[in-house]
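What follows is one structure encoded as structure tokens, with my remarks underneath.
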Amino acid sequence: MNKLLGIDVSVWQGNINWHAVKADGVDFAILRTGYGRGGENQIDKTFYQNLQGAKAVGLKVGVYHYSYAESVEDAKTEAQFCLSIIGGTRLDLPIYFDIEDSSIANNHDKNTRTQMCVAFCSEIEKAGYWAGVYANKNWFSNLLNYEELKARYTLWLAHYGIDSPSLDCDIWQYCSDGRVNGISGNVD
């Protein structure tokens, strides 16, 4: 298995020194584009500088979009918003649908939540990008149809406090309190 070290960054990591990040052994970064269905205020305020910085030092780059979808149709709209943010930028890694919000957990059944993932990912694939789903162990095990998603998309699993991934996945996020040179504070 080829192991690479990656980080997940957004506005919460502040101003990043990407040269220091690269020198510290980081191979890739997955950047938050934003969240929700649209509007300038829902674009991550550091997305464009992070995209430019990570690419400038030669890191592989993917993105994720945090969902607040209230329906399957909303998930499609979120995908379109995500695509508008990246504006045709070439990515090395997938565009992930970040499904973890309690409003989605509380207001929809497993099939609807899974269809939200499919709707988002289908829109991403129609635009020529590689699509995936980000969720934690509980979501993949209990709130989504894991097997259906695994058969169709790349999966990014968040599960902390264990020695190896608890589910078959392509990316395993193993902590939220990582430390990397070039970033002041914690990083996933």
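Listed values, structure above:
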item	result
Pairwise Lys count, the chain - Cα closer than 14 Å, eight or more residues apart or different chains	5
Residue among Ser166, Ser176, Ser102 with the largest mean-square fluctuation in a Gaussian network model of the chain, springs linking Cα atoms under 10 Å	Ser102
Packing-based order for 25-33, 69-77, using average beta carbon neighbours within 10 Å, highest first	25-33, 69-77
Contact order normalised by residue count of the chain, Cα under 8 Å, 6+ apart, percent	20 percent
Computed lengthening from Ala151 to Ala20, 0.36 nm per intervening residue step minus Cα-Cα distance	43.4 nm
Positive minus negative residues near Ser10 (Lys, Arg vs Asp, Glu; Cβ under 13 Å)	-2
Two-decimal log10 I(q)/I(0) for the range 1-155, as the Debye equation yields it once each C-alpha is a single scatterer, q = 0.10, 0.13, 0.15, 0.16 Å⁻¹	-0.34, -0.57, -0.76, -0.86
Segment Phe28-Trp130, length gained on full extension (0.36 nm per residue, minus Cα span)	35.2 nm
0 to 90° range, to nearest 10: angle between helix 110-126 axis and the chain longest Cα axis	60 degrees
Rg ratio (alpha-carbon, reference 2.2 N^0.38 Å) - the range 16-100	1.12
Quotient of C-alpha Rg and 2.2 N^0.38 Å, computed over the range 110-188	1.22
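Quick note: the coordinates plus some simple rules give every number you see, no bench work behind them. A quick note: this is a predicted structure, and the numbers were derived from the prediction, not measured. Using ideal geometry, Cβ is built from the backbone for each residue, glycine included, and neighbour counts are taken over all protein chains shown.
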